[in-house]
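Read through the structure below, which is laid out as structure tokens, and then see the notes.
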Amino acid sequence: MKHNFNAGPSILPRIAIENAAKAVLDLNGIGLSLLEISHRSKDFDAVMDETVALFRELLNIPDNYSVIFVGGGASTQFFHIPYNLLEKKAGYVNTGVWAKKAIKEAKLFGETIVVASSEDKNFTYIPKGFEIPDDLDYLHITTNNTIYGTEYHTDIDSPVPLVADMSSDILSRPVDVSKYGLIYGGVQKNMGPAGAAFVIVREDLLGKVSRPLPSMVDYRNHIKNNSMFNTPPVFTIYVIRETLKWLKSIGGVNAIQKRNQEKAQLLYDEIDRNTLFKGTAEKEDRSLMNICFVMNDGYEDLASEFMTFAGEQGMVGIKGHRLVGGFRASTYNALPKESVEALVACMQEFERKHK
């Protein structure tokens, strides 16, 4: 059996994969594949409408926010956001690689300042207690840092519109959407296959910048056209719908948060107990989605052996990001607890081999 800890594209609910596979052969018995229908057809209209409705329901998104799905990933949104929102000055919290990429793009559009950073300790913690200037057009945060294994566990208060990249922890915990001006992310972690990004935006923030906006960049065009201003990623959106249906069927975001907490606790407890391994993130900021660890002091030369051993035990995707090394177990929503238990057993057996 394979245990899929890939960081993204990542594990999806089996039922979503099976239903999508059927639709690829024949969508709703219409005699056509999902891959060949018109995005303007009533069949896909229904898919899009249900996808948006489920997303709104699961996150309890207020009526004054719009939801869109667009092609590309979060990296495209790194410049779409300042294009639409940055007029005078934007603030960013630097918590890792993806935050730095977003900062780089924003600087092309206007004054961009870093209001807080955890770079001094190699991004192993989430900055806290920093002052947020009240003259910012928005403050940008990355709520979960896949490479370093840190995560915001609460919705912060901000005196300016809060923009959040939630690519890797969306739908993993309840979120007070009203505390944010805009939430966005790639869908290839907890929502579907690669190929699309979601944007949740408070409508009154749009149309305020003085620069002209290219049609495809202007969020208002996508909102007015129900995410079909151009041909959307039809297959990806279908799988998103199936994943959201699965999430609703098991109790929604509150239920999945409990599951995620249990999975993460199980693995973190083993990392802290096992003499061969140690965690890399500050304990209070440890991610529930990306659990990063390395060999303990004195056992560094066992890293390659453990990677091979774990692979033989069916563990897939646990190699750490090339920037930090070590190991990373991504425990997204669809990962069953049994896979975490299998990884823990693997770590325990490896420890016994080297005692």
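The values are calculated or read from the model by the stated rules, or taken from the named source; none is laboratory data. Just so you know, these numbers come straight off a predicted model, no measurement behind them. Ideal geometry is used to build each Cβ from the backbone, glycine not excepted, and the neighbour counts take in all protein chains shown. These accessible areas exclude ligands, DNA and RNA; they are computed on the full protein's heavy atoms, side chains included. Shrake-Rupley method; radii C 1.70, N 1.55, O 1.52, S 1.80 Å.
Residue by residue through segment 294-337, note down the ones that are closer than 13 Å to Gly149 by Cα and more than 20 Å from the chain's Cα centre (by Cα).
Val294, Gly325, Gly326
Can you work out which of the residues in segment 304-334 that are surrounded by fewer than 18 Cβ atoms within 10 Å (Cβ to Cβ) and of a type in the set (A, V, I, L, M) is modelled with the lowest pLDDT?
Per the criteria, the residue is Leu323.
Yes/no per residue for (1) in a strand (DSSP E or B); (2) among the charged types (D, E, K, R):
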residue	(1), (2)
Ile132	no, no
Leu136	no, no
His140	yes, no
Ile147	no, no
Thr154	no, no
Ser158	no, no
Asp169	no, yes
Arg173	no, yes
Tyr184	yes, no
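Residue pairs, Cβ under 9 Å, 6 or more apart or interchain, first in segment 32-59 and surrounded by 14 or more Cβ atoms within 10 Å (Cβ to Cβ), second outside any helix (DSSP H, G or I) and of a type in the set (Phe, Trp, Tyr). List them.
Close Cβ pairs satisfying both conditions: Met48/Phe69; Thr51/Phe69; Val52/Phe69; Phe55/Phe69; Phe55/Phe198; Arg56/Tyr65.
Name the pairs whose Cβ atoms lie under 9 Å apart, with the first residue in segment 125-152 and on the phi > 0 side of the Ramachandran plot, the second part of a loop (DSSP other than H, G, I, E, B) and modelled with pLDDT under 95, and 6 or more positions between them or separate chains?
Partner pairs satisfying both residue conditions: Gly149/Val324.
Somewhere in segment 155-171, is a residue open to solvent by 50 Å² or more (accessible area, probe 1.4 Å) and either at negative phi or out of contact with any strand residue (DSSP E or B) (no Cβ under 6 Å at 6 or more places or on another chain) (or both)? Spell out the reasoning first.
Restricting attention to segment 155-171, the residues satisfying the condition of being open to solvent by 50 Å² or more (accessible area, probe 1.4 Å) are 157, 159.
The next check asks that each one be either at negative phi or out of contact with any strand residue (DSSP E or B) (no Cβ under 6 Å at 6 or more places or on another chain) (or both); those that pass are 157, 159.
Within segment 155-171, one or more residues are open to solvent by 50 Å² or more (accessible area, probe 1.4 Å) and either at negative phi or out of contact with any strand residue (DSSP E or B) (no Cβ under 6 Å at 6 or more places or on another chain) (or both).
Given (1) touching a helix residue (DSSP H, G or I) at 6+ places or on another chain (Cβ under 8 Å); (2) under 15 Å from Asp169 (Cα atoms), identify the lone condition not met by Leu267.
Failed condition: (2).
If you scan segment 1-27, which residues turn out to be open to solvent by 40 Å² or more (accessible area, probe 1.4 Å) and under 15 Å from Glu338 (Cα atoms)?
If the condition is that a residue be open to solvent by 40 Å² or more (accessible area, probe 1.4 Å) and under 15 Å from Glu338 (Cα atoms), then Met1, Lys2, Asn4, Arg14 are the ones that fit.
Thr124 - would you say it is within 30 Å of Gly320 (Cβ to Cβ), open to solvent by less than 20 Å² (accessible area, probe 1.4 Å) and either β-branched (Val, Ile, Thr) or out of contact with any Pro (no Cβ under 8 Å at 6 or more places or on another chain) (or both)?
It is false that Thr124 is within 30 Å of Gly320 (Cβ to Cβ), open to solvent by less than 20 Å² (accessible area, probe 1.4 Å) and either β-branched (Val, Ile, Thr) or out of contact with any Pro (no Cβ under 8 Å at 6 or more places or on another chain) (or both).
Consider Glu284 carefully, then state whether it is exposed (fewer than 14 other Cβ atoms within 10 Å of the Cβ), modelled with pLDDT of 95 or more and not in a strand (DSSP E or B).
When the stated conditions are applied, Glu284 passes them.
Hey, can you tell me all the residues within segment 229-251 that are aliphatic (A, V, I, L, M) and either under 19 Å from Tyr65 (Cβ atoms) or assigned to a helix (DSSP H, G or I) (or both)? Walk me through how you get there before you give the answer.
Step one: filter segment 229-251 for residues aliphatic (A, V, I, L, M), giving 234, 237, 239-240, 244, 247, 250.
Matches in segment 229-251: Val234, Ile237, Val239, Ile240, Leu244, Leu247.
Scan (1) over 22 Å from Leu206 (Cβ atoms); (2) in contact (Cβ under 8 Å) with a residue 60 or more places away in the chain; (3) hydrophobic (A, V, I, L, M, F, W, C) for the single condition Ile156 breaks and write down its number.
Of everything listed in (1) over 22 Å from Leu206 (Cβ atoms); (2) in contact (Cβ under 8 Å) with a residue 60 or more places away in the chain; (3) hydrophobic (A, V, I, L, M, F, W, C), Ile156 misses just condition (2).
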